[in-house]
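Structure first, commentary second.
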Amino acid sequence: MLEQERQEIDEIDQQLVALLVRRLATSERIANAKLANNMPLLDQQREQLVYQRVAAQTPVDKQPYLKTLFTDIMLVSKQYQAKLMKAWQDDHDATDK
Ligand SMILES: C=C(O[C@@H]1C=C(C(=O)O)C=C[C@H]1O)C(=O)O
């Protein structure tokens, strides 16, 4: 009964996982550039642009759900960047001593 739809969800999830892994890898490169250039991790202006772009691509009835999803996606992205930047900074401090 639900097999076809569940198979479609599985296929979509497979694509989402690959894209989310790629997004995190890109976020890692951004974290590296921020540390090298003494820039803050958080960029609220950029996040507002992301929300605007997502909303423009989303049917109105689904916009609140996509907003929640992207809040979480960017939260995880920032958590990952914070972990990486701390580890790189700790390494750097250790080699300075
Ligand atoms: C990835 C970045 O770092 C943070 C995470 C963002 C994201 O995951 O889209 C956006 C802005 C920043 O708060 C960035 O600055 O582009």
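The values are calculated or read from the model by the stated rules, or taken from the named source; none is laboratory data. What you see is a predicted model, and the numbers here were worked out from it, not measured in a lab. In this analysis, Cβ positions are derived from the backbone assuming ideal geometry, glycine residues included, and neighbour counts consider all displayed protein chains. Remember, those area values only see protein heavy atoms, side chains included, never the ligands or the DNA or RNA. Shrake-Rupley method; radii C 1.70, N 1.55, O 1.52, S 1.80 Å.
Annotations for the structure displayed:
- Partner lysines for K78 [C-alpha distance under 24 Å; skip if fewer than 8 residues away on the same chain]: K34, K67, K86
- With all protein chains kept in place, the per residue accessible area of the chain amounts to 83 square angstrom at a probe of 1.4 angstrom.
- For the chain, the fraction of 1.4 Å probe accessible surface lying on carbon and sulfur atoms is 57 percent.
- Considering all C-alpha pairs of the chain, those separated by over 17 Å amount to 64%.
- Principal-axis analysis of the Cα atoms of the chain puts helix 3-36 at an angle of about 20° to the longest axis.
- Environment charge of I12, counting only residues whose C-beta is closer than 13 Å and scoring Lys/Arg +1, Asp/Glu -1: -4
- As a calculated quantity, the FRET efficiency between Q89 and L66 at R0 = 22 Å, using C-beta atoms, amounts to about 0.05.
- Secondary-structure-derived ellipticity at 222 nm for the chain, considering helices only, amounts to -30000 deg cm²/dmol, per-run term -39500 (n - 2.57) for DSSP H runs with n ≥ 4.
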